[in-house]
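Student: Dropping the structure in here first, questions after.
The values are calculated or read from the model by the stated rules, or taken from the named source; none is laboratory data. This is a predicted model, so every value here is computed, not measured. Using ideal geometry, Cβ is built from the backbone for each residue, glycine included, and neighbour counts are taken over all protein chains shown.
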Amino acid sequence: MHNIPMARPEPEDVEIELFIRALQLRHGYDFSQYTRASFKRRVLNLVTAQGFGSISEMTGRLLRDDAFVAPLVAGLSVPVSDMFRNPGVFKALREAVFPLLKSYPNLNIWQAGCAFGEEVYSLAILLQEAGLYERTQIYATDFNDAALARAQEGIFPAREARTYSENYLAAGGAGSFSDYYHARYEHIKLDEQLKRNITFANHNLVADGIFCEPHLILCRNVLIYFTDTLQNRVLSLFRDSLIRGGFLCLGNKETLDFAPAGKDFVAVDRRARIFRRASSNQ
Ligand SMILES: C[S@@+](CC[C@H](N)C(=O)[O-])C[C@H]1O[C@@H](n2cnc3c(N)ncnc32)[C@H](O)[C@@H]1O
């Protein structure tokens with residue numbers, strides 16, 4: 001009897017598996033449930049950017065050099081964002097969610113995957129204009145410490161100011177975006193006051209537990225990097241963290257439709273990807 005030969009993986013795919021395993025065993029970061037094709041692209045970009053000859057060479061460095069893990073995680077994390085990104089979503093939050101949040105004396109908001117802070121400052125501005133900021137504690141989290149450090153600074157390239165202004169108005173901003181920053185040469189620095197109720201913290205959605213009993217979770221453009229299995233796990237984490245009736249806002253390409261945990265949410269605004277934790281589930 002002849003055995004039918006199994007398709008053997010390409011050397012580079014084996015290298016990726018070993019890289020993921022090394023990162024997990026040596027440093028506790030688990031990327032095994034990130035969608036493989038885009039993860040591989042990011043790893044290969046890093047190999048080039050860091051001047052290695054191969055993935056295996058980079059794996060060797062990560063095994064022996066603890067200081068290398070932070071730049072590695074930063075390089076794998078894609079902290080790409082915009083202030084008031086998809087302004088219609090912020091408008092929907094302002095019009096459909098904020099009025100319902102007004103009934104709570106204190107509010108917790110969790111912005112997961114905050115990148116350089118663009119969304120969390122956008123949220124702070126809109127909460128302030130809605131008269132809700134004083135009663136709100138916002139937790140902005142990410143697993144990329146370098147991104148968190150930049151987010152804390154609240155400094156953005158001046159060339160983005162015009163786009164941010166347009167987005168702010170499209171999001172229903174009540175004043176002028178320029179009221180919220182000082183221009184300094186090539187940069188704009190957001191008003192320090194916006195930070196007064198924001199806590200920046202490291203939280204890894206893959207490894208860390210439920211968080212802060214939020215009334216609203218904003219987690220946009222993070223689940224797209226995860227397999228269906230991991231998406232479902234993270235959605236369960238959001239459901240278990242949220243207060244009953246709490247709101248969840250996802251990215252424009254993200255959906256609850258294929259996740260078992262999705263049945264524990266009801267849609268508030270499908271287009272804006274705003275959902276609410278059903279009050280009947282535990
Ligand atoms: C494309 S950005 C999204 C930024 C922002 N939410 C937006 O929609 O504009 C994805 C962010 O998710 C973060 N991220 C990826 N995996 C994560 C994880 N396991 N735990 C926490 N944050 C993660 C990345 O570091 C990055 O800052």
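Student: Can you go through Leu62, Leu76, Leu46, Leu25 and tell me which one is at pLDDT 95 or above, surrounded by fewer than 16 Cβ atoms within 10 Å (Cβ to Cβ) and among the hydrophobic types (A, V, I, L, M, F, W, C)?
Tutor: The match here is Leu25.
Student: Let me ask another. Please specify each residue of the stretch 161-182 satisfying the condition of being in contact with a strand residue (DSSP E or B) (Cβ under 8 Å, 6 or more places away or on another chain) and either part of a helix (DSSP H, G or I) or among the small types (Gly, Ala, Ser) (or both).
Tutor: Selection gives Ala161, Tyr164, Tyr180.
Student: Next up: List the number of the failed condition for Pro99; all other conditions in (1) free of Cβ contacts under 8 Å to residues at least 12 places away in the same chain; (2) over 30 Å from Gly154 (Cα atoms) hold.
Tutor: Evaluating Pro99 over (1) free of Cβ contacts under 8 Å to residues at least 12 places away in the same chain; (2) over 30 Å from Gly154 (Cα atoms) leaves (2) as the failure.
Student: Within 19 Å of the chain's Cα centre (by Cα), within 11 Å of the ligand (Cβ to nearest atom) and closer than 19 Å to Leu248 by Cα - does that describe any residue in the stretch 150-161?
Tutor: For the stretch 150-161, residues within 19 Å of the chain's Cα centre (by Cα), within 11 Å of the ligand (Cβ to nearest atom) and closer than 19 Å to Leu248 by Cα: absent.
Student: Can you say whether Arg135 is within 11 Å of the ligand (Cβ to nearest atom), at pLDDT 95 or above and either on the phi < 0 side of the Ramachandran plot or in the same structural domain as Arg277 (by TED's automatic domain parsing) (or both), as far as the supplied structure shows?
Tutor: Against the criterion (within 11 Å of the ligand (Cβ to nearest atom), at pLDDT 95 or above and either on the phi < 0 side of the Ramachandran plot or in the same structural domain as Arg277 (by TED's automatic domain parsing) (or both)), Arg135 does not qualify.
Student: Given the residues Val222, Val234, which is the only one that is within 18 Å of Val89 (Cβ to Cβ) and in the same structural domain as Leu123 (by TED's automatic domain parsing)?
Tutor: Working: Val234 fails: within 18 Å of Val89 (Cβ to Cβ).
The conditions single out Val222.
Student: Let me ask you something else. Being of a type in the set (A, V, I, L, M, F, W, C) and closer than 21 Å to Ala37 by Cα is the filter here, so list the residues in the stretch 195-252 that pass it. Walk me through how you get there before you give the answer.
Tutor: At the first step, the residues of the stretch 195-252 found to be of a type in the set (A, V, I, L, M, F, W, C) are 198, 200-201, 205-207, 210-212, 216-219, 222-224, 226, 230, 234-235, 237-238, 242-243, 247-250.
Across the stretch 195-252, the qualifying residues are Leu205, Val206, Val222, Leu223, Ile224, Phe226, Leu230, Val234.
Student: Got a number for residues in the stretch 185-205 being surrounded by fewer than 19 Cβ atoms within 10 Å (Cβ to Cβ) and either in contact with a strand residue (DSSP E or B) (Cβ under 8 Å, 6 or more places away or on another chain) or of a type outside the set (D, E, K, R) (or both)?
Tutor: Count: 11.
Student: Among the numbered criteria (1) at negative phi; (2) touching a residue at least 60 places away in the same chain (Cβ under 8 Å); (3) within 12 Å of the ligand (Cβ to nearest atom), which single criterion is violated by Leu93?
Tutor: (3)
Residue-wise test of (1) touching a residue at least 60 places away in the same chain (Cβ under 8 Å); (2) in the same structural domain as Leu237 (by TED's automatic domain parsing); (3) within 20 Å of Ser77 (Cβ to Cβ); (4) not hydrophobic (A, V, I, L, M, F, W, C).
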residue	(1), (2), (3), (4)
Pro105	no, yes, no, yes
Asn108	yes, yes, no, yes
Gly113	yes, yes, yes, yes
Ala140	yes, yes, yes, no
Asp145	yes, yes, yes, yes
Asn167	yes, no, no, yes
Ala183	no, no, no, no
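Student: Same structure, new question: Go through (1) assigned by TED's automatic domain parsing to the domain that holds Ala272; (2) under 14 Å from the mean Cα position of the chain (by Cα) one by one and return the number of the condition Asp82 breaks.
Tutor: Every listed condition holds for Asp82 apart from (1).
Student: Among the candidates Ser54, Ser103, Ser38, Ser32, single out the residue that is away from the ligand (no atom under 16 Å from the Cβ), in contact with a helix residue (DSSP H, G or I) (Cβ under 8 Å, 6 or more places away or on another chain) and not hydrophobic (A, V, I, L, M, F, W, C). Break it down stepwise before answering.
Tutor: Working: Ser103 fails: in contact with a helix residue (DSSP H, G or I) (Cβ under 8 Å, 6 or more places away or on another chain); Ser38 fails: away from the ligand (no atom under 16 Å from the Cβ); Ser32 fails: away from the ligand (no atom under 16 Å from the Cβ).
Just one listed residue meets the conditions, Ser54.
Student: Specify which of the listed residues (Thr255, Thr199) is under 21 Å from Asn144 (Cβ atoms) and away from the ligand (no atom under 12 Å from the Cβ).
Tutor: Thr199
Student: Right, here's the next one. Counting just the residues of the stretch 244-268 that are without any contact (Cβ under 8 Å) to a residue 40 or more places away in the chain and β-branched (Val, Ile, Thr), which one comes out surrounded by the fewest Cβ atoms within 10 Å (Cβ to Cβ)?
Tutor: Looking at residues that are without any contact (Cβ under 8 Å) to a residue 40 or more places away in the chain and β-branched (Val, Ile, Thr), I get Val266.
Student: Follow-up question, since we're still on this one. Which one of the conditions (1) within 14 Å of the ligand (Cβ to nearest atom); (2) surrounded by 11 or more Cβ atoms within 10 Å (Cβ to Cβ) does Gly209 fail to meet, given that it meets all the rest?
Tutor: The single condition Gly209 does not satisfy is (2).
Student: Can you tell me which residue is nearest to the chain's Cα centre (by Cα) among those in the stretch 108-140 that are assigned to a strand (DSSP E or B) and buried (at least 23 other Cβ atoms within 10 Å of the Cβ)?
Tutor: If we take residues in the stretch 108-140 being assigned to a strand (DSSP E or B) and buried (at least 23 other Cβ atoms within 10 Å of the Cβ), then Ala112 is nearest to the chain's Cα centre (by Cα).
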